[in-house]
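**Student:** Would you mind keeping the following structure in view while I ask a few things?
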Amino acid sequence: MIIPRFKRILLKLSGEVLMGPGQFGIDPATVDRVAGEVAAAKAAGHELCLVVGGGNIFRGLAAAAAGFDRTSADYMGMLATVMNALAVQNALEKLGVETRVQSAIPMSSVCEPYIRRRAERHIEKGRIVIFAAGTGNPFFTTDTAAALRAAEMNCDALLKGTSVDGVYDADPKKVPGATRYESLSFDRVLADNLKVMDAAAIALCRDNDIPIVVFNIRGEGNLAAVLRGEGTSTIVRNMEMEEQHGRL
C-alpha cells in the first residue's frame, strides 16, 4: 500500500504504549524510544503535533463503571494525559527538540493553556506541540480530542499509534484468523462499528477530509516506515479521496 506523504501530522498515542513491558504507569525507556521516533519524523521534514491518552494511569470510563461519578472520573483521566504529555515533552527536549505542552484545562504552572493560534505558531516555528487534557470536557475521549485538534491545526493526516498494526474485522488478540483491512471508508467504519476510534472522532475526520492511519507504534521504526508508505497499517479516508489518489 502506498500512503501519500503527509506534511503536517497529528500523532495520537494511546497511554498504554507508554507502559512498555509493564502493566501500569510510565516506562522511561519506552518513552525515550517513542520520542526518538517522533524526533526522527520531525527531522525528515514533517510538522508534528501529538495527543497522548491516559489509560496507563487512569481510565475515566472504567472508573465510572466501577462506581465513580462519570464527570469526576473523566476529569481525573484528563489529568493523567497531562502527566503523559509532560513525560513525552521531557524525552523530546532531552533530544534537543523544542516542545510545548498545551492543556485544555488551564494549569499555568506546568504548561500553556490551549490557544489555537499560539499552537499554530509553535508548529510554524518547528516546535512539536503536545495537546493535553483532551477537549477539556467530560464525556469526550482523547480520540475525539485528537480529531478535533487535527482539524484545528489543518493537519494532512491523523496517525493513531496503538498496539495493533491496523484495523481488523475481529479482535486479532482473540481471533487468530482475523483479517486486516488495507483501506476503509469512514462510512464503512461507522456502519460496521469497527473499533478504529469513537464515532465522534470518525465523523470529525470524515467531515474535514482528514485520513486516519492506524499502525503499531510498539515496533521500533514503524512510525518512519508508515510515513514513507512502507509500513503495515490501515488507512481510513473518504471514498472520493480514494478515487482521487487511485493508489489504494
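FYI, it's all coordinate maths here, none of it is from the lab. Please read all numbers here as calculations on a predicted model, not as lab measurements. Heads up, the Cβs are rebuilt from the backbone with ideal geometry, glycines too, and the neighbour counts pull from every protein chain shown.
**Student:** For ARG8 and ASN193, calculate 0.36 nm times their separation in residues minus their Cα-Cα distance, and state this gained length in nm to one decimal. If you can, show how the numbers build up before the last one.
**Tutor:** Details: separation 185, 0.36 × 185 = 66.60 nm, distance 2.80 nm.
Difference between extended and current length: 63.8 nm.
**Student:** Could I ask something else about it? Using a simple charge model, +1 on the beta-carbon of Lys and Arg, -1 on the beta-carbon of Asp and Glu, nothing else, what dipole does the chain show about its Cα centre, in debye to the nearest 20?
**Tutor:** Working: 28 positive and 29 negative charges, 94 e Å.
In total the dipole reaches around 460 debye.
**Student:** Using DSSP to define loop residues, name the chymotrypsin sites (Phe, Trp or Tyr not before Pro) in segment 1-101 whose beta-carbon has at most 14 other beta-carbon atoms within 10 Å. It would help to have the intermediate numbers written out before the result.
**Tutor:** Working: sites: PHE6, PHE24, PHE58, PHE68, TYR75; in loops: PHE6, PHE24, PHE58, PHE68.
Here the sparse-neighbourhood loop sites are PHE24.
**Student:** I've got another one for you. Quote the relative contact order of the chain in percent (integer), defining contacts as alpha-carbon pairs under 8 Å separated by 6+ residues. The partial results should precede the final answer.
**Tutor:** Working: 502 pairs, mean separation 56.9, N = 248.
Result for the chain is 23 percent.
**Student:** Pick out which of ALA170, ALA151, ALA39 has the largest mean-square fluctuation in a Gaussian network model of the chain, springs linking Cα atoms closer than 10 Å.
**Tutor:** In this elastic network of the chain, the residue with the biggest mean-square fluctuation among ALA170, ALA151, ALA39 is ALA170.
**Student:** Let me ask another. What is the local net charge at GLU93, summed over the other residues whose Cβ is closer than 12 Å to its Cβ (Lys, Arg +1; Asp, Glu -1)? Let's see the in-between values first.
**Tutor:** On the way: positive: LYS94, ARG100, ARG127; negative: ASP32, GLU98.
Within the 12 Å Cβ shell, the charges total +1.
**Student:** In Å, what Rg and Dmax follow from the Cα atoms of segment 116-201?
**Tutor:** 15.5, 47
**Student:** For the pair LEU95/ARG70, report the inter-label distance in nm, with labels modelled 7 Å from Cα in the Cβ direction.
**Tutor:** My value for the distance between the label points is 3.8 nm.
**Student:** Mind checking segment 67-172 for trypsin sites (Lys or Arg not before Pro) that DSSP puts in a loop (not H, G, I, E or B) and that have at most 10 other Cβ atoms within 10 Å? Let's see the in-between values first.
**Tutor:** Working: sites: ARG70, LYS94, ARG100, ARG116, ARG117, ARG118, ARG121, LYS125, ARG127, ARG149, LYS160; in loops: LYS125, ARG127.
Those satisfying the criteria are LYS125.
**Student:** Let me ask you something else. What does the charge add up to near ALA157, with Lys and Arg as +1, Asp and Glu as -1, over the other residues with Cβ less than 12 Å from its Cβ? Walk me through the intermediate numbers first.
**Tutor:** On the way: positive: ARG5, LYS7, ARG8, LYS12, LYS160, ARG237; negative: GLU47, ASP156, ASP209.
My count for the surroundings of ALA157 gives +3.
**Student:** With springs only between Cα atoms under 10 Å apart, run a GNM on the chain and tell me which of ALA40, ALA145, ALA85 wobbles the most.
**Tutor:** Highest fluctuation among the options: ALA40.
**Student:** Mind listing P(r) for segment 25-112? All alpha-carbon pairs, 5 Å bins, whole percents.
**Tutor:** The distribution over segment 25-112 is 3, 14, 21, 21, 17, 12, 7, 4, 1, 0, given as percents.
**Student:** Based on DSSP H runs of at least 4 residues, each adding -39500 (n - 2.57), what is the mean residue ellipticity at 222 nm of the chain after dividing by all its residues, to the nearest 500 deg cm²/dmol? Display every interim value, and only then the final one.
**Tutor:** On the way: 9 runs with 95 residues, N = 248.
The per-residue figure over the chain is -11500 deg cm²/dmol.
**Student:** Tally Lys and Arg at +1 and Asp and Glu at -1 over the other residues with C-beta under 9 Å from the C-beta of PHE215: what net charge comes out?
**Tutor:** Numbers: positive: LYS160; negative: ASP165.
Counting the neighbours of PHE215, the net charge comes to 0.
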